[in-house]
């Protein structure tokens, strides 16, 4: 929504190329959000906007967005150009291919919300590495239904989709148990309908077929996004209602935080955007420590 508000204040031939966001306070879903746009700079080639999302008089989210005038980069001979290639399917050794347009492989419990996706894959070069530094996640995503409203609407949808499963990548690469209210060892004690919900989510996030296999793994205690950056490389080629490949990896985690980098490709292999997110990632203390902390 902040991107949408900012785009309404610049000329149609100015396109966003970077967006730097900070999550400051938890928002209340039952209260309206006011968006305040500050016109920081309007130049011939670049324009800058700062947007604050406010609730109850407090800023809960802020972003600075830079726009570049379309075609202002100069002739082709004066530019440096390269781009990451589409990820390779380890099975075929060819670029990954999108699902069919009529894809309906989502479990009913996952087939909700404004975007559609495939099951997350967790991959490593060897296929067996347990080192988080070696692993990546891949998932195809697109908006649910056709998007109207031109390039601006597609960019807003991409920005929304880019936050999907983002900082949670750290937990997947570290193979953490994501349900702090019960242990994998207690899975059989759950009601059948809850077992099915947990099993589907566990499989959907690429964590395996049987949640009980996670017995003994560390448990996630807290995870919150702190900031989010998007670099739009090819804004006019973004079609968020077509399949986009999202590949994520984590170069670092420590000191209670984690960083995830994301590349978003169009189905033809065009690198559309690169995103970076840092978040708070803390483990649940061991049972003894948790009890001691309450004394």
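Derivation of every value follows stated rules applied to the coordinates shown; laboratory data play no part. Computed from a predicted model, the values in this text were never measured in an experiment. Cβ sites come from the backbone with ideal geometry, for glycine too, and all protein chains shown count toward neighbours.
Which entry in (1) 73, 41, 28; (2) 63, 53, 35; (3) 55, 39, 37 matches Cα extents along the principal axes in Å derived from the coordinates of this structure? Evaluating Cα extents along the principal axes in Å on these atoms matches (2).
From most to least packed by mean Cβ count within 10 Å, the peptides 268-276, 207-215 give 268-276, 207-215.
Springs join every pair of Cα atoms under 10 Å in this Gaussian network model of the chain, and among 280, 176, 31 the largest mean-square fluctuation is at 31. The angle separating the long axis of helix 150-161 from the principal Cα axis of greatest extent in the chain is about 20 degrees.
Note: relative contact order over the chain, using C-alpha pairs below 8 Å and six or more positions apart, is 19 percent. Mean sequence separation of contacting Cα pairs (under 8 Å, at least six apart), scaled by the length of segment 130-216, corresponds to a relative contact order of 26 percent.
Backbone N atoms of segment 144-172 closer than 11 Å to the 7 Å Cα→Cβ label point of residue 9 are not found in any residue.
Label-to-label distance for residue 148 and residue 210 is 5.1 nm, based on points extended 7 Å past Cα in the beta-carbon direction. Annotation: for a label point projected 7 angstrom from Cα along Cα→Cβ of residue 191, residues of segment 84-113 with backbone N closer than 20 Å are 108-110. Cβ-Cβ distance of residue 129 and residue 181, R₀ of 25 Å, FRET efficiency by 1/(1 + (r/R0)^6): the value works out to about 0.25. The calculated FRET efficiency for residue 59 paired with residue 82, based on their beta-carbon distance and R0 = 45 Å, is about 0.75. Here the spin labels are modelled as points 7 Å beyond Cα on the Cα-Cβ line, and at residue 121 and residue 227 they lie 3.2 nm apart. As a calculated quantity, the FRET efficiency between residue 69 and residue 200 at R0 = 51 Å, using C-beta atoms, amounts to about 0.65.
Cut-off 10 angstrom, C-alpha nodes, Gaussian network model of the chain. Which of 119, 262, 284 fluctuates the most? Its mean-square fluctuation being the largest, the pick is 284.
Helix 192-204 sits at what angle to the longest principal axis of the chain, using alpha carbons and giving 0 to 90 degrees rounded to 10? Helix 192-204 and the main axis of the chain meet at about 50 degrees. For segment 254-281 and segment 173-188, what is the separation of their C-alpha centers, rounded to whole Å? Measuring centre to centre over Cα atoms gives 25 Å. Counting other Cβ atoms within 10 Å as a rough exposure proxy, the listed residues 147, 161 run 147, 161 from fewest neighbours to most. Based on Cα contacts under 8 Å between residues 6+ apart, segment 1-71 shows a relative contact order of 41 percent.
Quick check: the distance between the Cα centres of segment 82-96 and segment 214-231, to the nearest angstrom? Each part's Cα centre sits 27 Å from the other's.
Of the residues 241, 163, 12, the one with the fewest other Cβ atoms within 10 Å heads the list, and the complete ranking is 12, 163, 241.
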